[in-house]
Amino acid sequence: MFESLAIGFSAFGDPMVWFALVFGALAGYLIGAIPGLGPSLGVALLIPFTYGMDPVVSIVGLVALYAAAEYGGAITAILINSPGTAAAVATSWDGYPLTQQGRAGEALTVSILSSGAGIFVSTLLLVITAVPLSEFALRFGPGEYFALALVGLSLVAGLSDGSPLKGTVAMGIGLALATIGLDVQTGTPRFTMGNPEFFEGLPLVPVLLGLYALSEVLFMIEDGPSEKLKSTPIGGLLALPVKAILGLKTAILRSSVLGYAIGVIPGAGASIASFVSYAVSKRLSKTPEKFGKGSLEGVASSEAANNSAVAGALAPLLALGIPGSPTTAIMIGALMVQGIQPGPLLFTKSPEIPYTVFVSLWIGVPIMVLIGLAGARIWARVANIPRPAIAAIVAGICYVGAYASHTTMFPVHVMTAFGVLGYILRKLEIPLAPIILALVLGEMMETNFRRALISNKGEWDIFYTSPMTVILILIAILAFALPGLSQLRARRAKAAAL
Amino acid sequence: MTISNLKKLMLSVSCAATLALGLAQGAAAEDWAPDGPVEFVLHTKPGGGVDVYTRTLAKELEPLIGQKVVVVNAPGGGGATQMAKVRAAKPDGLTLGVNTVTHFTGMLTNLRGTFSPDDFEWIALSQIDPILFFVAKDSELNSITDLVDLAKANGGEVNIGGFGPVGSMQNIGMTMLEEAAGVKFNWVAFESTPDIIASVLGGHVDIGVSNLGPALEFFEADRLKGLGVLGEKRLGTLPDMQTFGEQGYDVDTNWLQVRGVFGPKGMPLELQQQIADAIHKAMATESYQTYARASGVEDSDFGPVEYSEFVKNLTTLAEQQLTAAGLISN
């Protein structure tokens with residue numbers, strides 16, 4: 001393995017590889033920061049530029065862009081509550097409250113350092129476990145996928161403190177919305193109102209932009225111009241909050257491992273990784289009450305996990321030629337244009353590709369962190385912009401971002417509708433997180449539930465004969481029931497004390 | 001980037017420009033010479049098979065026609081977004097679309113009444129790509145006959161994983177085999193080919209359906225085993241795998257996946273022919289050929305007349321199959 005890693009390092013003797021790395025990281029950082037773009041579109045946009053390049057140069061550029069774009073999503077999530085990707089939604093839960101407390105700079109610094117640490121740790125795991133873990137992931141059948149989605153959904157209970165009822169209502173809304181589109185098994189249109197634009201379901205990015213960002217704009221308009229956020233200045237480039245980071249090391253390490261493991265499973269991507277890691281961190285935290293109100297631990301968990309999922313998603317791509325995420329699926333196209341067909345023989349036929357990817361992820365970490373830290377200094381000032389201007393800018397970003405996602409007006413209308421819906425729901429104090437969670441997981445859950453039954457002659461035993469499925473379903477039940485039980489216990493303890 | 005690299009890049013860019021200019025000026029009257037950039041509108045997101053095909057073709061087409069070729073991804077509505085864009089365009093050859101069999105099955109089912117093959121001109125057929133049935137290496141099945149025997153013994157309880165819902169191109173391929181063999185299989189729908197391969201490797205479905213390209217590496221790595229190919233003749237890259245016909249199953253071998261180019265209605269036949277010629281010329285270049293052979297597809301040289309005829313036959317065949325499956329009624 002060390003010899004092969006040496007091949008990877010030797011690729012960096014070529015200045016073009018360095019150029020690709022830095023360019024990819026910069027481009028990814030900016031693309032990720034624009035809601036509506038994001039990693040998969042960024043990689044797709046870069047592909048035409050890679051035609052004339054050497055395969056190694058092109059894959060280094062694409063991987064750097066992928067990793068940096070997955071981070072870039074955190075910037076707008078923290079600053080203006082507009083997660084551009086589903087994977088950055090969990091980052092906004094604590095990142096935006098931190099901005100409102102004037103701690104945007106701190107949140108951005110923690111987010112970039114956690115992302116960097118996440119990539120570093122997960123790449124180490126990738127080098128060691130890519131092949132065996134990808135082979136293991138093949139054992140994930142429809143039953144296991146269904147159970148995994150159920151685990152994701154059970155997090156709703158932990159994410160909606162205060163009112164489990166409202167959380168469940170929100171989850172129901174999300175699940176109902178997830179049924180829109182062509183039935184995956186039979187092709188029957190469901191709730192499409194005869195409009196083909198609904199055939200492929202609700203587009204996720206416009207829904208995200210509407211629910212979070214546009215509804216926020218409506219609140220800003222309502223609050224009027226009086227309120228101005230104060231922001232605490234954040235020292236020089238190297239004045240890192242060392243103490244804060246050291247305090248987060250357990251959460252970062254745990255989220256990195258979790259994020260990587262979830263990323264390896266094809267179909268379960270960065271968003272599920274960040275949701276799960278966030279929920280786990282909240283459960284194990286010494287200060288769970290701060291989560292959702294501006295916890296640095298929350299930001300760190302979500303960001304370490306969604307960046308680790310990048311390395312995770314690369315594992316089945318490099319080991320087997322099976323993409324672990326939509327972005328890696330696009331990378332297959334990029335490699336094919338270069339005449340390299342990713343498959344189970346990649347490590348033997350073109351070892352320079354996987355090993356250069358490993359090395360470039362490591363070398364890319366300090367570059368990405370430097371870009372991120374420098375950027376944080378600039379971005380943090382966004383909080384100083386007067387509110388009416390922010391509202392106008394965010395509204396503009398919402399509309400451009402929605403249009404850019406499909407280059408038609410349909411997603412723009414969807415975004416507007418969900419902006420209004422988001423405003424109403426927030427007025428009713430119905431949490432938005434379960435809606436997004438259910439929308440992301442609903443289709444995965446339904447498809448695999450039906451696929452499991454169809455491939456098992458309609459017999460239900462597929463859900464309780466596989467140990468992995470049983471364990472996942474038990475975890476889901478516990479995760480759903482525990483918050484309620486502990487609430488009950490707390491109430492009893494209170495009663496006893498009286 | 002070093003200075004010498006930069007120079008090389010600049011040099012190659014200027015060379016390409018000169019070449020393109022030269023070709024455009026030297027173009028004979030009968031060659032396609034559009035007076036503006038040409039848009040290829042796709043029904044898929046970037047990165048998939050259709051996208052790679054179009055971008056590879058576009059790169060070779062640009063120097064031939066002396067214009068930029070822009071690839072526009074317009075996913076959504078099962079092709080509706082793309083077809084709406086193409087139908088609304090001027091028939092001047094500057095807006096073209098790339099189609100697969102999905103367009104025809106779509107226009108017969110969900111998009112029936114919204115779009116019809118008569119709304120467009122079918123300009124050139126570029127690739128044909130037969131479907132094949134495969135199993136994991138350690139499977140007991142070795143041929144289509146084994147598969148049919150198993151289905152007979154099990155009363156149809158054999159799971160076949162393929163792309164798209166009931167009524168999709170690959171699903172119709174399966175029902176055609178069902179008819180020929182007098183058995184029933186169990187269709188498990190997937191949304192991407194890598195998912196199908198992963199499910200076969202993991203033992204979650206018995207049989208997988210795919211075109212050759214995405215599965216090729218797995219055959220080479222000896223992880224998959226082919227049962228049969230739905231085509232006129234065997235595949236050059238997998239010469240040991242028999243066709244359905246060779247194994248005694250009479251299935252219409254015109255049921256092929258295709259990639260073709262279409263445009264808005266009312267385009268002069270002469271222009272269509274010029275576009276088709278340019279496309280087939282671009283396909284003859286070395287880099288396109290390298291890509292096409294690696295993707296496991298076969299080339300077609302059908303121009304507008306042959307392709308329109310082909311589309312008519314394909315649509316009739318699809319209509320029969322969809323009617324027989326009870327998915328549409330006439």
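We did not get these values from a lab; they are worked out from the coordinates using the rules stated. If you're wondering where the values come from, they're calculated on a predicted model, not measured in any experiment. Cβ coordinates were reconstructed from backbone atoms using ideal geometry, including for glycine residues, and neighbour counts include every protein chain displayed.
Taking amide H positions as modeled 1.01 Å from N, with prolines and chain starts lacking one, the residues under 5 Å from B:Gly228 and 5 or more places away or on another chain are B:Phe133. Kindly work out what percent of the DSSP beta bridges joining two residues of chain B are antiparallel, to the nearest 5. Counting only bridges with both partners in chain B, antiparallel ones make up about 60 percent.
What share of the DSSP beta bridges in the stretch B:131-230 is antiparallel, in percent to the nearest 5?
Values: 10 of 17 bridges.
Bridges in the stretch B:131-230 that DSSP calls antiparallel: roughly 60 percent.
A full extension of the chain between B:Glu220 and B:Thr323 corresponds to an added length of 33.2 nm, given 0.36 nm per residue minus the alpha carbon distance. Counted by Cβ distance under 10 Å from A:Gly143, the other residues give a net charge of -1, where Lys and Arg count +1 and Asp and Glu count -1. Straight-line cross-link partners of A:Lys457 among the lysines, defined as a Cα under 19 Å from its Cα and at least 8 positions apart when in the same chain: B:Lys152, B:Lys184.
What longest region of chain B stays clear of GluC sites (Glu not before Pro) that DSSP places outside H, G, I, E and B and that have at most 11 other Cβ atoms within 10 Å?
Numbers: sites that count: B:Glu30, B:Glu140.
Between exposed loop sites, the widest span is B:141-330.
Here is the size of chain B from its Cα atoms: Rg then Dmax, 21.3, 70 Å.
So which of B:Lys59/B:Lys265; B:Lys45/B:Lys85; A:Lys166/A:Lys293; A:Lys243/A:Lys290 end up more than 21 Å apart, counting from Cα to Cα? Over 21 Å apart, Cα to Cα: B:Lys59/B:Lys265. Couplings 3J(HN,Hα) of the stretch B:305-313, computed from phi: 5, 5, 5, 4, 4, 4, 4, 4, 5 Hz, in residue order, whole Hz [Karplus 6.51 cos²θ - 1.76 cosθ + 1.60, θ = phi - 60°; x for Gly and Pro].
In summary, the lysines within cross-link reach of B:Lys233, defined as a Cα separation below 22 angstrom excluding same-chain residues under 8 places away, comprise B:Lys225.
Taking each pair of distinct Cα atoms in the stretch A:32-172 once, what is the resulting Kirkwood hydrodynamic radius in Å?
Numbers: mean 1/r = 0.0563 Å⁻¹.
About 17.8 Å, per the Kirkwood formula over Cα pairs.
Normalised Debye scattering of the stretch B:131-230 at q = 0.12, 0.15, 0.21, 0.24 Å⁻¹ gives log10 I(q)/I(0) of -0.32, -0.51, -1.05, -1.40, counting only Cα atoms as equal scatterers and leaving out solvent. The mean of 1/r over all pairs of different alpha-carbon atoms in the stretch A:332-378, once inverted, gives a Kirkwood hydrodynamic radius of 12.7 Å.
Tell me, what is the percent relative contact order of chain B, built from C-alpha pairs under 8 Å that lie six or more residues apart? Relative contact order, chain B: 24 percent.
Which number comes out as Rg/Rh for the stretch B:175-330 once both Rg and the Kirkwood Rh are worked out on C-alpha atoms? All intermediate terms of the calculation are to be shown ahead of the outcome.
Working: Rg = 18.1 Å, Rh = 18.3 Å.
Taking Rh as the inverse mean 1/r over Cα pairs, Rg/Rh reads 0.99.
Each helix, a run of at least 4 DSSP H residues, gives -39500 (n - 2.57); summed and divided by the residues of chain A, these come to -24000 deg cm²/dmol at 222 nm. Here is what passes the span test in chain A: the DSSP H helices with alpha carbon length of 20 Å or more along the helix axis and a Kyte-Doolittle mean of 1.6 or above are A:15-33, A:55-80. Entry for the stretch A:31-90 at q = 0.26 Å⁻¹: log10 I(q)/I(0) = -0.92, Debye formula applied to identical alpha-carbon scatterers, no solvent contribution.
Return the loop-located trypsin sites (Lys or Arg not before Pro) in the stretch B:244-317 (DSSP other than H, G, I, E, B) with at most 16 other Cβ atoms within 10 Å of their own Cβ; answer none if there are none. Passing both the DSSP loop test and the Cβ count: B:Lys265. For the protein assembly as shown, the percent of C-alpha pairs falling in each 10 Å distance bin, counted from 0 to the bin holding the largest distance, reads 2, 13, 22, 26, 21, 11, 4, 1, 0, 0. Note on B:Lys90: aspartates and glutamates with a C-alpha under 18 Å away, same-chain residues under 8 apart excluded, are B:Asp35, B:Glu39, B:Asp118, B:Asp119, B:Glu121, B:Glu270.
Taking every DSSP beta bridge with both residues inside the protein assembly as shown, roughly what % is antiparallel (nearest 5)? Can you show the working numbers first?
Details: 25 of 42 bridges.
Beta bridges within the protein assembly as shown, antiparallel portion: roughly 60 percent.
The Cα atoms of the stretch A:386-498 cover 57, 53, 19 Å along the three principal axes, with the biggest extent listed first. Database remark: amide H of A:Arg190 closer than 5 angstrom to the amide H of A:Gly181, A:Leu182, A:Asp183 (H placed geometrically; neighbours at sequence offset of 5 or more, or on other chains; Pro and chain starts carry no H).
Please state the relative contact order of the stretch B:131-230 as a whole percent: Cα pairs under 8 Å, 6+ residues apart? Intermediate results must be reported in sequence, preceding the final value.
Values: 168 pairs, mean separation 46.6, N = 100.
Relative contact order of the stretch B:131-230: 47 percent.
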